[in-house]
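Presented below is the structure to which this report refers.
We did not get these values from a lab; they are worked out from the coordinates using the rules stated. In this text, all values refer to a predicted model and were calculated from it rather than measured experimentally.
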Amino acid sequence: MQMAKQGKNKDPQEFSDRCRVLAQKVMGRDSDPIAQRTHRENAQRMCLASFVGGLQGTVGRHTRIANPQSMQQSLTIALAATEAVQEKGSDFFFTKTQDENSELAHDMRTRARQN
């Protein structure tokens, strides 16, 4: 699971779905509710780390810089970054979002907080 990488021409949603499936496969099965919760929390952390670490290119760099705390937040950031790259180009997007106060960075943080 740690080696999962976003495939060429795959969007973040597809990669997110793949990471979730992989996390479900490695999640332990247990009848004890406390153990189940522990397994689920570990799987969620592994899924988030695999997703963020496996995103490629400018979208991956920006998502990692944003340091998302949940899968939903990371997916929102990655989708917004993908959209921005498609609209403006990767060089423009990456240099503009390096500035904490840039309009794009502000928009990305706002979208992530809403989810």
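Please compute the length gained on full extension between Gln13 and Arg64, using 0.36 nm multiplied by the number of residues separating them and subtracting their Cα-Cα distance.
Going from the current span to full extension adds 16.7 nm.
Write down Rg/Rh for the stretch 1-71, rounded to two decimals, with Rg from the C-alpha atoms and Rh from the Kirkwood relation over Cα pairs.
My calculation puts Rg/Rh at 1.03.
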